[in-house]
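What follows is a set of notes on a single structure, which appears directly below.
The values are calculated or read from the model by the stated rules, or taken from the named source; none is laboratory data. On a predicted model such as this, the values are computed, not experimentally measured, just so you know. Neighbour counts are summed over all protein chains in view; Cβ atoms, including those assigned to glycine, are modelled from backbone coordinates with ideal geometry. Surface accessibility is based on the protein's heavy atoms, side chains included, excluding ligands, DNA and RNA. Shrake-Rupley method; radii C 1.70, N 1.55, O 1.52, S 1.80 Å.
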Amino acid sequence: MGPFSNRNLITPTKKELPAILLCWLAFLLSPYLLAVLPRFQSMESIEDLFLYNIAVDGICFILILLCFKNFLFRSLMPGKVFLISCFWAFLASYGINSLLSYFLALIQFFLPEAPENMNQNTVESMMQVKRLPMLFMVSVLAPVIEEILFRASIFGPLCKKRPFLAYVVTMCAFSFIHVYSYIGEISPLSALFSFAQYLPAGLALCWCYQYYGSIWVPIVVHGLMNLVASMAL
């Protein structure tokens, strides 16, 4: 069986699928609901921005654990197999992501202006003020949230019928969610380049889920990749 042909993924059941809508609503709407609170209306300091982001991720993380605890339990792998799978998946994913990222960095030299990744700049700013909590957020909270919302709820079910389409849709959705809130604040070129910067990671994480069949592998790989990138800041 080729690495891109596996369709025996462990995915949410039909009974669990309605919970996906609830989690997506929380993921998309909680930032706007929290923004009406007096504490978060101005967010003039990095501390306020951090509290805002940790509150949004905290709400989504708890809701996802409550809604998908059975799915996460079904997806568990034997300890030794899991560790070996995560090790090789991380090496492969890091290689894929690094290779494609270097290619994008090379293209950057030929662009008429230096593109700006506002999401990355925001993470770097918060990392300088709240390093340990931010490491927890990017290596634990964000991977669980994003892998359930993108890989488990979109890629998994779609991959069983249309693998190629599953890759395209999930990668584009994963990239767009990291860029959409900054549209209007950055140039179209920066928005397009930022979108492209998340495609390699989206490809690698989809591959991890399809190849190993368990959502825990991309969760761990996602966390490790974020941790490695954050430690370099």
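Divide the volume of the convex hull of the Cα atoms of the range 185-233 by its number of residues and quote the answer in cubic angstrom per residue. Can you show the working numbers first?
Working: hull volume 4.3 nm³, N = 49.
About 88 Å³ per residue, rounded to a whole number.
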- Please find, in a Gaussian network model of the chain (springs between Cα atoms separated by less than 10 Å), the residue of 140, 168, 36 whose mean-square fluctuation is greatest. 36
- Message: Please list 216, 88 from largest to smallest accessible area, probe radius 1.4 Å, with all protein chains kept in place.
- Response: 88, 216
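Using a 1.4 Å probe on the protein heavy atoms, what percent of the accessible area of the range 5-67 belongs to carbon and sulfur? Each step should come with its number before you reach the end.
Values: 2690 of 3820 Å².
The computed percentage sits at 70.
Strictly greater than 26 Å: what percent of every Cα pair in the chain meets that? Write out the running numbers ahead of the final one.
Values: 10246 of 27028 pairs.
The answer is 38 percent, as a whole percent.
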- Task: Stick to Cα atoms and the Kirkwood definition of Rh, then tell me Rg/Rh for the range 23-107.
- Result: 1.14
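Can you give the percent of C-alpha pairs in the range 97-159 whose distance is more than 17 Å? Could you put the intermediate results ahead of the total?
Working: 1250 of 1953 pairs.
Every Cα pair in the range 97-159 considered, those over 17 Å come to 64 percent.
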- Task: Kyte-Doolittle cut-off -0.5, length cut-off 27 Å along the helix's own axis using Cα: show which whole DSSP H helices in the chain pass.
- Result: 46-74, 79-108
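Please calculate how many Å² of accessible area the chain carries per residue, with a 1.4 Å probe and no DNA, RNA or ligand atoms counted. Can you show the working numbers first?
Values: 12310 Å² over 233 residues.
That works out to 53 Å² per residue.
What is the range 1-71 by shape, rounded, prolate or oblate, if you read a ≥ b ≥ c off the alpha carbon gyration tensor as root eigenvalues and call it rounded for a/c under 1.5, prolate for a/b larger than b/c, and oblate otherwise?
Numbers: a/c = 3.53, a/b = 2.27, b/c = 1.56.
Prolate is the answer for the range 1-71, as a/c is 1.5 or above and a/b outweighs b/c.
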- Note on the structure: Connecting every pair of Cα atoms under 10 Å apart in the chain and solving the GNM, the largest mean-square fluctuation among 194, 42, 30 falls on 42
- Message: Set the bar at 31 Å for Cα to Cα. Now go through 14/130; 80/130; 69/161; 130/160 and name every pair that lies beyond it.
- Response: 14/130; 80/130; 130/160
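Count the net charge of all other residues whose Cβ sits under 12 Å from the Cβ of residue 170, scoring Lys and Arg as +1 and Asp and Glu as -1. Show your work: numbers first, answer last.
Details: positive: 151, 162; negative: 146, 147.
Residues near residue 170 contribute 0 overall.
Any chance you could run the full-extension gain for residue 172 through residue 15? It's 0.36 nm times the residue separation minus the Cα-Cα distance, nm to one decimal. Don't skip to the end; give the middle numbers.
Details: separation 157, 0.36 × 157 = 56.52 nm, distance 2.65 nm.
Using 0.36 nm per residue and subtracting the Cα-Cα distance, I get 53.9 nm.
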- Task: Count the net charge of all other residues whose Cβ sits under 12 Å from the Cβ of residue 10, scoring Lys and Arg as +1 and Asp and Glu as -1.
- Result: +3
- Return the distance in nm (one decimal) between the two label points of a simple spin-label model at residue 231 and residue 122, each offset 7 Å from Cα along Cα→Cβ. 2.6
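With the radius of gyration and the Kirkwood radius both derived from the Cα set of the range 63-185, what is their ratio Rg to Rh?
Working: Rg = 17.2 Å, Rh = 17.4 Å.
Rounded to two decimals, Rg over Rh is 0.99.
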